Amino acid sequence: MTREEFLGWRLQGRRGWEGEDLSGLDLSGLDLAGCNLAGADLSGASLRGSRLLRAVLSRATLIRADLSGADLSFSRIVGADLSETTLEAASLYEATLSRSRLVGANLSFSNLTHARLRRSDLTECDLSGAVLIGGDLSGATLTRVILVGAILFRTNLEGTHLDPRLLKTARTGRRTGTGGPLPLRARRSPSSSSTA
């Protein structure tokens, strides 16, 4: 399918491309809000600056796709392969990316506020400068992830595979009513509490 064919279908009101081969297409800057791209192959496609608000991309293949500056807020991207995908400065506000593969993906400066990435693989993912306020990364694999300048306030990291030294480069804590950050407090294990 070519960009022109895709645009023709879109102008006719088509909103679903489930399982379609859209690999390598230039879909940059398009309004694809609410579209169903479940199971579609978007490998190497350019979706730079596209509007994918509330789109369904579950089980889609987006290997090496470019979604820089795209708006994927409230999208459902469950079980998708986004390996080596560029999502730099993308908005993934309240997006669901659970059980997805983001190995080597570039999510630098992206907005992942309240995003759900439960049990996702973010090995070697670049999250530098990303905002993960209220995000859920429980059970995610974060091996060799880059967190320089990332904001992790109220982020659920329970059960993650993460080297704690990497958190030193991120801004962690929780916000107070005054907006100032407070340091995260480690939970005391029962063996460390005194009974005196």
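Given springs between every Cα pair under 10 Å in a Gaussian network model of the chain, which of Arg116, Arg154, Arg165 has the largest fluctuation?
Among Arg116, Arg154, Arg165, the largest mean-square fluctuation in the Gaussian network model of the chain belongs to Arg165.
Rounded, prolate or oblate: which fits the stretch 1-102 when a ≥ b ≥ c are the square roots of the eigenvalues of the alpha-carbon gyration tensor, with rounded for a/c under 1.5 and prolate only if a/b beats b/c?
Taking the square roots of the gyration eigenvalues as a ≥ b ≥ c, the stretch 1-102 is rounded.
Please check: in the Gaussian network model of the chain (C-alpha springs, under 10 Å), which one of Leu167, Leu127, Leu112 has the largest mean-square fluctuation.
Result: Leu167 has the largest fluctuation of those listed.
Can you give the percent of C-alpha pairs in the chain whose distance is more than 25 Å?
37 percent
Select from Thr96, Thr61, Thr169 the residue whose mean-square fluctuation is largest in a Gaussian network model of the chain (Cα-Cα springs shorter than 10 Å).
Highest fluctuation among the options: Thr169.
Describe numerically, in nm with one decimal, the distance between label points set 7 Å from Cα along Cα→Cβ at Thr143 and at Leu167.
Distance between the two pseudo-spin positions: 2.1 nm.
For the chain, what does -39500 (n - 2.57) per DSSP helix run (n ≥ 4), summed and divided by total residues, give at 222 nm, in deg cm²/dmol to the nearest 500?
-1500 deg cm²/dmol
What is the chain's relative contact order, in percent, from Cα pairs under 8 angstrom and six or more apart in sequence?
With pairs under 8 Å counted, the relative contact order is 10 percent.
Is the shape of the stretch 67-150 best called rounded, prolate or oblate, per the rule: a/c under 1.5 gives rounded, else a/b larger than b/c gives prolate, else oblate, with a ≥ b ≥ c the square roots of the Cα gyration tensor eigenvalues?
Details: a/c = 1.19, a/b = 1.02, b/c = 1.17.
Rounded, because the longest to shortest axis ratio a/c is under 1.5.
So what's the gap between the Cα centers of the stretch 149-171 and the stretch 14-33, to the nearest angstrom?
Between the Cα centre of the stretch 149-171 and that of the stretch 14-33, the gap is 34 Å.
Cα gyration tensor of the stretch 108-159, axes a ≥ b ≥ c as square roots of the eigenvalues: rounded (a/c below 1.5), prolate (a/b > b/c) or oblate?
Verdict is oblate for the stretch 108-159.
Here, each number is a calculation from the coordinates, and none is a lab measurement. Bear in mind that the values here come from a model prediction, so they are computed numbers and not experimental data. Neighbour counts are summed over all protein chains in view; Cβ atoms, including those assigned to glycine, are modelled from backbone coordinates with ideal geometry.
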